[in-house]
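Below you'll find the structure, written out as structure tokens, and then a few comments.
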Amino acid sequence: MQSTEEGAAAAREAARPLLECRQVEVVYNHVQVAIQGLSIEVPDGSIVAVLGPNGAGKTTLLRAITGFLPAENGEITDGEVRFDGQRISGLPPDEIARRGVCIVPEEESIFRSLPVEDNLRIVPHPGDEASRAGAMARIHELFPVLEERRKQVAGYMSGGERKMLAIARALLLAPRVLLVDELSFGLAPVIVTRLMGILSAINREQGTSIVLVEQNAASALRIAHYAYIIETGRVVFDGTPDMLRGNADVQRFYLGISDEAGIRSYADVKHYRRKRRW
Ligand SMILES: Nc1ncnc2c1ncn2[C@@H]1O[C@H](COP(=O)(O)OP(=O)(O)OP(=O)(O)O)[C@@H](O)[C@H]1O
Ligand SMILES: [Mg+2]
């Protein structure tokens, strides 16, 4: 039989999130505070949405997780990022990716002048040749167009197809957690719905955890298990998609169209309501 202590340790292990940001503060150019005391948890096997308006700090949060802040003259000045029980903040981006934290960035991450197949060939895969072939087969199953158009120059594909290629490139790295920055940006709603469906299948069938950073709250909430709303670098609300959909303020600013002039954020809505009460 397990001792109480072993049982407690096992319980702690099971409850531990796969990815965790604890009280993270990020400063750009030594002076500009972009996020402050920001904490999020990503349980293993889950889809977590991070929502918020322009400039809220969503991309900054992903840079803090993936180690790309120094390239932007930014740094984590407080708190830490932990993955699989270990501190990863401070490690270089390639080491963080090697551990299985991979990103589909906001800006286009493909080589437009190269054919689709070369875009994939140059991505390092952590397993042997057989494992790489398996990963490629899975990618072609998820995105048949990437096999059909493998000889085509990537820049000539549609926005949705280029996004598929970007996701495929991240998948080749065998992520344990896939961070997706603004999947919906610039894409038609029908394409966004399809891509969200594919991410949901990757999560369900492969157990890959996913962090979805989005301004398009409604589409992200359709597949997320949990969501955070961030504004000016802080979490202002978090809960299950049902909790978000059921909250009048979230509903008004993130899911509906506000008819009250001057309301720009969740915090503004709360302020407005307070003012109205007095
Ligand atoms: N490279 C940078 N150097 C200096 N400041 C930056 C840099 N990148 C972002 N910021 C600032 O940090 C804050 C958060 O920006 P960030 O790009 O993380 O927001 P975001 O939520 O991703 O916005 P969007 O929805 O527009 O992509 C903003 O005030 C922004 O001006
Ligand atoms: Mg961004």
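For the reader, a short list of remarks on this structure follows.
- Identity of the residue in segment 48-72, of a type in the set (S, T, N, Q) and near ligand 1 (Cβ under 6 Å from one of its atoms), that ends up nearest to residue 29 (Cα to Cα): 60
- Some residue of segment 225-248 being closer than 21 Å to residue 39 by Cα, at pLDDT 95 or above, aromatic (Phe, Trp, Tyr) and more than 16 Å from ligand 1 (Cβ to nearest atom): yes
- Taking (1) open to solvent by 60 Å² or more (accessible area, probe 1.4 Å); (2) within 16 Å of ligand 1 (Cβ to nearest atom); (3) touching a strand residue (DSSP E or B) at 6+ places or on another chain (Cβ under 8 Å) in turn, residue 107 satisfies each apart from (3).
- Leading residue by the ranking (surrounded by the most Cβ atoms within 10 Å (Cβ to Cβ)) among those in segment 163-199 that are among the β-branched types (Val, Ile, Thr) and within 16 Å of ligand 1 (Cβ to nearest atom): 180
- Residue count for segment 57-84, restricted to those that are assigned to a loop (DSSP other than H, G, I, E, B) and either polar (S, T, N, Q) or modelled with pLDDT under 95 (or both): 1.
- Test: residue in segment 79-99 that is open to solvent by less than 80 Å² (accessible area, probe 1.4 Å), within 16 Å of ligand 2 (Cβ to nearest atom) and within 22 Å of residue 170 (Cα to Cα): no
- Within segment 200-219, the set of residues being within 19 Å of residue 58 (Cα to Cα) and either more than 16 Å from ligand 1 (Cβ to nearest atom) or in a helix (DSSP H, G or I) (or both) comprises 209, 210, 217, 218, 219.
- Residue check for residue 45: more than 16 Å from ligand 1 (Cβ to nearest atom), of a type outside the set (A, V, I, L, M) and in a helix (DSSP H, G or I): no
The values are calculated or read from the model by the stated rules, or taken from the named source; none is laboratory data. Because the structure is predicted, anything quoted here is derived from the model rather than measured. Using ideal geometry, Cβ is built from the backbone for each residue, glycine included, and neighbour counts are taken over all protein chains shown. For accessibility, only protein heavy atoms count, side chains too; no ligands or nucleic acids. Shrake-Rupley method; radii C 1.70, N 1.55, O 1.52, S 1.80 Å.
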